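Please read the structure below before turning to the comments.
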Amino acid sequence: MRVLVLTDIDDSNSDYINFNALINALSQSGIKPDIFFIKKEIVKPCVSCYSCWIKSPGSCRIKDSIDNLSKLFFHADLFIIFARIDFGCYSAEIKKCLERLIPNMLPFFEERQNKMYHAPRYRKYPEYIMIGYAEHISEEEKKLFAALTSLNAVNMHRDKHRHFIIEKNQTIDFHKLLNNSLIKL
Amino acid sequence: MSNVVILIGSHTLRKSVSQYIEKKIESALNDKGINTLTLTVKSNPTQSELQKLITEKIIIVISPVYIDAPPSGLLKTMKDTYTLYDSIKTSLDDNKRYIFGISNCGFYEPIHTRCVLNIIEQFGRKIGRVYSGGIGIGCGQLLTSFNTVPIIDSYLKGPVEKSINELINHIEKLYKEEEPKAQGTNKFVNFRISKLIYKIITYFYWYSLGRKNGLKLKDFYYCPYGR
């Protein structure tokens, strides 16, 4: 199984311990993930020029590290996002990357779950796990994060997905958690 | 008197729907004698501008929907504002402050804006504001269309315009302290158009833009990373 991990974490972050635990748990399962550390990459924000839909379909006109992320994304069976939660949403850095993956959808609409969504460009997309970490998080923010993750899964053309929230000073048994998740996925 | 601060969350290079909504609200509030200050995330607000998002009595955040959430630039501005709030909150007075949210999406169903409005609400709470209501708008792109045909324009936009006007009246009452009910809920509105017609309009909209760039129909489906 090929796994891509996208994260906004760096080694100065107190949640780096949990991130390391996640990578170790993947290694114990014999998986060597591709890791995309946003803070070590150059990623510019999407400017909604729609070139990726109406000029050069499927390709972003901004040339930076996103091209590499897109390649890894389509080679992966599982896509894990490890993100800080702000206001019930993942961080601006993670959001910047997700916005730049818009070329992987078509401009045209299709209907799913009685709502309009952009149709997929590709036949196959990786499975999806979202792991959020936060120092202080309210119950409302937790619910919002769960709702947002579900909607993103529909947008990424996944019927099933998993999400987890790591709160301050919480340690996680990622080995157990991933095994359970992957079975459910 | 304080200003009503309007924050535009769009960082598009084109003229955005969020800008259109901002202009409408700005001119209506100015007509009522209320001063406004507009900030855009595109121009990276300065520290003193972020401080106005904390200290002014009323702020309005206008945001498009990018993958179910606000654009990354708006999230960054919110985070920077919260960081600043944390450092100055002890020096703030006890006056009540309010936040409104408006979100527009290109999908037919306005419910796609729900998470964006909820995120704006959470941001407001974190910087000590009362969430006073929001509007989620479906078929957002139509707001800037049909302007040349006034009868069709006013018929299609009727429900959306009505909601925006109600929000402006609510802001006026809060500003002039005539409104006892400060808290508000979200309202989701759409244009008077059927889903099928909207789907056809958007299909031909994207197709015609691609054609102008020399694309044929099959080119739209090109997969650079294999199928």
Next item on the list: Name the residue, out of A:67, A:86, A:173, whose mean-square fluctuation peaks in a Gaussian network model built on chain A with Cα pairs under 10 Å.
Entry: A:173
Check: Can you list the residues, at least 5 places off or on another chain, whose amide H is less than 5 Å from the amide H of residue B:186, using H built in the peptide plane?
Finding: B:134
Notebook entry, point to check: Taking Cα centroids, how far is the stretch B:157-216 from the stretch A:66-128 in Å?
Noted result: 25
Note to self: Using a 7 Å offset from the Cα along the Cα-to-Cβ direction at both residue B:221 and residue A:110, what is the distance between the two label points in nm, to one decimal?
What the structure shows: 1.0
Item checked: Residue-normalised accessible area of the protein assembly as shown, given per residue in Å² at a 1.4 Å probe -> 45
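Taking all protein chains in place and a 1.4 Å probe, what share, in percent, of the accessible surface of the stretch B:61-111 do carbon and sulfur account for?
Of all accessible area on the stretch B:61-111, carbon and sulfur atoms account for 49 percent.
Just to be sure I understand: if you take the accessible area of chain A alone plus chain B alone and subtract the pair, with a 1.4 Å probe, what total do you get in Å², rounded to 100?
Accessible area lost upon association: around 4600 Å².
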Next item on the list: Specify the angular offset, from 0 to 90 degrees and rounded to the nearest 10, of the alpha carbon long axis of helix A:174-184 from the longest principal axis of the alpha carbons in chain A.
Entry: 50
Checklist line | For chain B, built as a Gaussian network whose Cα springs stay under 10 Å, the top-fluctuating residue of B:40, B:185, B:144 | finding: B:185
Next item on the list: May I ask you to evaluate 6.51 cos²θ - 1.76 cosθ + 1.60, the Karplus curve with θ = phi - 60°, for each residue of the stretch B:88-100 and list the ³J(HN,Hα) values in order in whole Hz, giving x for glycine and proline?
Entry: 10, 4, 5, 8, 7, 7, 8, 4, 6, 10, 10, 9, 10
Next item on the list: Please give the length that would be gained between residue B:37 and residue B:130 if that part of the chain were fully extended, namely 0.36 nm times their separation in residues minus their C-alpha to C-alpha distance (nm, one decimal).
Entry: 31.5 nm
Check: Helix B:17-31 versus the longest principal axis of chain B: what angle, 0 to 90°, nearest 10, using Cα atoms?
Finding: 40
Next item on the list: Kindly provide log₁₀ I(q)/I(0) values, in the same order as q = 0.15, 0.18, 0.19 Å⁻¹, from the Debye equation applied to equal alpha-carbon scatterers of chain A.
Entry: -0.92, -1.34, -1.48
Next item on the list: For residue B:61, enumerate residues with amide H under 5 Å from its amide H, sequence gap 5+ or separate chain, H modeled in the peptide plane.
Entry: B:7, B:100, B:101, B:102
Check: Of all DSSP beta bridges located in chain B, what percent are antiparallel, nearest 5?
Finding: 5
Notebook entry, point to check: Mind listing the Cα extents of the stretch A:1-52 along all three principal axes, in Å, largest one first?
Noted result: 43, 29, 12
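In the stretch A:64-110, how does Rg compare with the Kirkwood Rh, expressed as the Rg/Rh ratio over alpha carbon atoms?
1.00
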Check: Which residues, if any, in the stretch B:71-98 have at least 30 Å² less accessible area in the whole protein complex than in the isolated chain, probe 1.4 Å?
Finding: B:72, B:75, B:79
Margin query: Pick from A:175, A:157, A:136 the residue whose mean-square fluctuation is largest in a GNM of chain A, springs joining Cα atoms under 10 Å.
Written below: A:136
Checklist line | FRET efficiency estimate (nearest 0.05) - Cβ-Cβ, residue A:167 to residue B:94, R0 41 angstrom | finding: 0.85
Notebook entry, point to check: Per residue, what volume in Å³ does the Cα convex hull of chain B take up?
Noted result: 148
Margin query: What is the ratio of the Cα radius of gyration of the stretch B:75-142 to 2.2 N^0.38 Å, with N the residue count, to two decimals?
Written below: 1.30
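How charged is the neighbourhood of residue B:22? Take every other residue with its Cβ under 13 Å from the Cβ of residue B:22, and add Lys/Arg as +1 and Asp/Glu as -1. Please list the in-between numbers first.
Numbers: positive: B:15, B:23, B:24, B:42; negative: B:26.
Taking every other residue near residue B:22 into account, the sum is +3.
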Notebook entry, point to check: Assuming R0 = 22 Å, what is the FRET efficiency of residue A:44 and residue B:46, from their Cβ-Cβ distance, to the nearest 0.05?
Noted result: 0.55
Next item on the list: Compute the long axis of helix A:139-155 from its Cα atoms, compare it with the longest principal axis of the Cα atoms of chain A, and write down the angle in degrees, 0 to 90, nearest 10.
Entry: 40
Item checked: Protein-protein interface of the stretch B:199-220, residues with accessible area decrease of at least 40 Å², isolated chain reference, 1.4 Å probe -> B:199, B:206, B:213, B:215, B:220
Check: Tell me, what is the percent relative contact order of the stretch B:23-173, built from C-alpha pairs under 8 Å that lie six or more residues apart?
Finding: 23
Check: For labels at residue B:199 and residue B:154 in the simple 7 Å Cα→Cβ model, what's the distance in nm?
Finding: 3.3
Check: How big is the Kirkwood radius of the protein assembly as shown, worked out from every pair of different alpha carbons and given in Å to one decimal?
Finding: 22.4
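The values are calculated or read from the model by the stated rules, or taken from the named source; none is laboratory data. Predicted model only: the values in this text are computed from it and were never measured. Don't worry about glycine lacking a Cβ; one is built from the backbone with ideal geometry, like all the others, and counts go over all protein chains shown. The area values use the complete protein model at the heavy-atom level, side chains included, leaving out ligands, DNA and RNA. Shrake-Rupley method; radii C 1.70, N 1.55, O 1.52, S 1.80 Å.
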